[in-house]
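Structure record follows, encoded as structure tokens.
A short reminder: the numbers here are calculations on the coordinates, not readings from a lab. Worth saying up front: this structure is predicted, and the values here are computed from it rather than measured. Here the Cβ positions follow ideal geometry from the backbone for every residue, glycine too, while neighbour counts run over all protein chains shown.
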Amino acid sequence: MFGVFGPGEDVARLTFYGLYALQHRGQESAGIATSNGSESFGLRTGMGLVSQVFDEEDLAFLRGQIAIGHTRYSTAGGSLACNAQPILVRDRETGEQIALAHNGNLTNADVLREDLEAQGVRFESTADSELIAHLLAMAPAGTWEEKFHYVMRRIEGAYSLVIMTKDVLFGVRDPLGVRPLCFGRLGNGGWVVASESCALEHLGVRMEREVRAGEVVQIDGSGMRSFSPVAPLAKRAACTFEYIYFARPDSQFMGKLIYPVREEMGAQLAREHHVEADLVIGVPDSAIPAAIGYAREAGIPYREGLVKNRYVGRTFIQPDQRIRAAGVSLKFNALGDVLRGKRVVVVDDSIVRGTTTPRVIQLLRNAGATEVHMRFASPPIISPCFFGVDMATKSELIAANKTLDEICAHIGADSLGYLSVEGLNAATGQSANDLCNACFTGVYPINVQLEMDDMSAARRDPVLAAADSLNRSGRP
């Protein structure tokens, strides 16, 4: 997500470049909404990458002094054109438009949808993000603090938001602080809000700070102010998968630059799972810092053994398993002159279903590697995520259904090692009480039993399974 309040600026173009920097967070659809202070917003959305959705004609149409944008990775709601964001709704009291973009997942979406439908709300999409927009539009008249208090008391789960009215930009982060959100000063009274700090830096904007858990940042012609609409929680639940995979290595999260954290994950992995080898390679791109950290700590030379086709996107967040499988075969090529006759440690960020890792290992063996020792810079993923990373169902997670030896045999490695949860926490430099490790432990920061029951029922009932396939596309 990206938002800009910039009187006198080309806000649509700034948002376009901001979304370009955030393309790694979603590849299915993109959209930009702008406000010039009138009653109607400009809006352009479409399926595909940022560079495919917008052209010069779109940017010329999207005029104003405020803009918000979104690039989508579907978690709740299918990969459909109707689910492209930002979402536009009208305030029930004033009739003014509200635009909203959302990163995360609501865990009480089904209950909220039933309640809103009973009140006559007609939904234009299948995404849980629209629920938040309608709740804000229905909030009783009052101050913005009161409106957000009404909304944030009703929604549960993970949500970082950028919201725009005709003359105000908001940045909102849920009380658990699951997904990242930050802001910076643009100059000449302008401000920028973004999912990651790398988007600010691409525009030459210095990050002021991250939006705090449970905080609302309000930006308008008077400047920036912030408030906390709900009582603070005793704990936080920042997603450790942001450190492992999702965020760009040049972004900051929880006050830490991602790159050295990933290097430390690799170093900790080497301490926990050392093996005699001739070289260490990383699976490009997200595992490269961890591989460098592993090699340095183990005293084994680091080399590039896999070359990545830069024009293939992130296969983890492709919306269909067949597309992911095809993407892997096009994504990497092995360097035979580097690998031939060598004992190789391969560092990757994680393994989910176990469908892509065997292909990578076979690629290395075909290139002449005599031994392949697989190391993952994350703990075993044993539980699904309900907070914005589609980890598949428990029955599809390889670590939830096979022993370590069985996984090693399945992927065709000579040995296998995972980073421990304790090692992961230590590498982030955060307190374990401030992190969400639910996908590794099965211990969730809030109750998600209803979601788990729904997924289990979908697995048993063919009709529900078909609906589940529609509403939960994009599982890695």
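For region 119-278, the alpha carbon convex hull comes to 166 Å³ per residue, rounded to a whole number. Checked against a 31 Å cut-off, the cross-linked pairs LYS331/LYS402; LYS256/LYS402; LYS308/LYS402; LYS147/LYS235; LYS147/LYS394 give Cα-Cα distances beyond that limit for LYS256/LYS402; LYS147/LYS394.
On C-alpha positions alone, give me the angle between the axis of helix 258-272 and the longest principal axis of the chain, in degrees, nearest 10. Here the helix axis deviates by roughly 30 degrees. Relative to the longest principal axis of the C-alpha atoms of the chain, give the angle of the C-alpha long axis of helix 11-21, reported between 0 and 90° and rounded to the nearest 10°. Between helix and principal axis, roughly 20 degrees. Seen against the Cα atoms of the chain and their longest principal axis, helix 449-460 is set at about 60 degrees. Within region 255-314, the GluC sites (Glu not before Pro) that combine a DSSP coil assignment with at most 11 other C-beta atoms in a 10 angstrom radius are GLU276. Across the chain, the relative contact order, built from alpha-carbon pairs under 8 Å that are at least six residues apart, equals 14 percent. When only Cα pairs below 8 angstrom with a gap of at least 6 residues are kept, region 2-234 shows a relative contact order of 21 percent. Got a sec? Which residues in region 342-386 would a label at THR441 touch, if it sits 7 Å along Cα→Cβ and we count backbone N under 17 Å? Under 17 Å, as judged by backbone N against the label point of THR441, lie 378-386 of region 342-386. Taking every DSSP helix (H) stretch of at least 4 residues in the chain, weighting each as -39,500 (n - 2.57) and dividing the sum by the residue count yields a mean residue ellipticity at 222 nm of -9000 deg cm²/dmol.
Would you please put 280-291, 251-262 in order of how densely packed they are, using the mean number of other Cβ atoms within 10 angstrom per residue and starting with the highest? Provide the component values of the computation, followed by the final result.
On the way: 280-291: 24.8, 251-262: 20.2.
Answer by packing, highest mean first, reads 280-291, 251-262.
Normalized C-alpha radius of gyration of region 2-234, against 2.2 N^0.38 Å?
Working: Rg = 16.0 Å, N = 233, 2.2 N^0.38 = 17.5 Å.
Region 2-234 yields a ratio of 0.92.
Against the compact-protein benchmark of 2.2 N^0.38 Å, the Cα-based radius of gyration of region 106-204 scales to 1.21.
Taking packing as the residue-averaged number of other Cβ atoms within 10 angstrom, the listed peptides 40-49, 379-388, 96-105, 227-236 run from highest to lowest as 96-105, 379-388, 40-49, 227-236.
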